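The values are calculated or read from the model by the stated rules, or taken from the named source; none is laboratory data. All of these numbers come straight from a predicted model, not from anything done at the bench. Cβ coordinates were reconstructed from backbone atoms using ideal geometry, including for glycine residues, and neighbour counts include every protein chain displayed. We work out accessible area using only protein heavy atoms, side chains counted, and drop any ligands, DNA or RNA first. Shrake-Rupley method; radii C 1.70, N 1.55, O 1.52, S 1.80 Å.
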Amino acid sequence: MQYIAPIGVGLLYALLMSLIREPHRRRFNAVMVAGAGAAYLSGGGLGGWEFAFTAVLTYVAYRGLDSWTFIGVAWLLHTAWDVVHHIKGNPIIPFAHTSSLGCAICDPVIALWCFAGGKTPKELAAWVRGARGRGAEPEAGLSGA
């Protein structure tokens with residue numbers, strides 16, 4: 001269950017965020033990932049590296065104000081930081097030993113949603129249908145004539 005629940009949390013996050021209209025959804029998510037970047041600061045498990053990581057993630061999140069791709073990259077950076085904290089034994093929630101592992105499983109789910117443009121479930125379904133349809137037929141103007 002410790003591996004399945006974080007996936008559900010990531011999906012629930014994407015679903016709830018889909019209720020926010022664009023462009024506010026993208027900007028709100030940039031702020032959220034910036035906050036996630038500072039989540040480990042109070043624990044200080046990696047000393048000054050915590051500040052360096054927060055600075056990097058803040059910059060990437062700032063770029064995310066205008067780009068879903070940067071938000072996705074920021075979530076993947078946070079995933080890497082979660083893995084480091086899990087291995088070091090300094091979890092994001094001090095009394096929950098596997099909390100950083102759970103976060104490392106959840107964050108890539110959110111990142112995938114961001115890389116897909118942070119779409120609503122309806123938009124995502126249409127996007128997937130469109131991508132399948134495009135693969136079946138050659139694009140106009142590429143016939144070589």
(message) Conditions first: (1) open to solvent by less than 30 Å² (accessible area, probe 1.4 Å); (2) in contact with a His (Cβ under 8 Å, 6 or more places away or on another chain); (3) among the hydroxyl-bearing types (Ser, Thr, Tyr). Residue 79 passes all but one, so which condition is the exception?
(response) (2)
(request) Go through segment 15-111 and tell me which helices (runs of 4 or more DSSP H), entirely inside it, have 3 or more residues that are under 19 Å from residue 124 (Cβ atoms) and within 17 Å of the chain's Cα centre (by Cα). (result) 24-37, 68-88
(request) Determine which single condition residue 55 fails, assuming it passes every other condition in (1) at pLDDT below 95; (2) exposed (fewer than 13 other Cβ atoms within 10 Å of the Cβ). (result) (1)
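Mind checking which residues of segment 14-50 are of a type in the set (S, T, N, Q) and buried (at least 16 other Cβ atoms within 10 Å of the Cβ)?
18, 29
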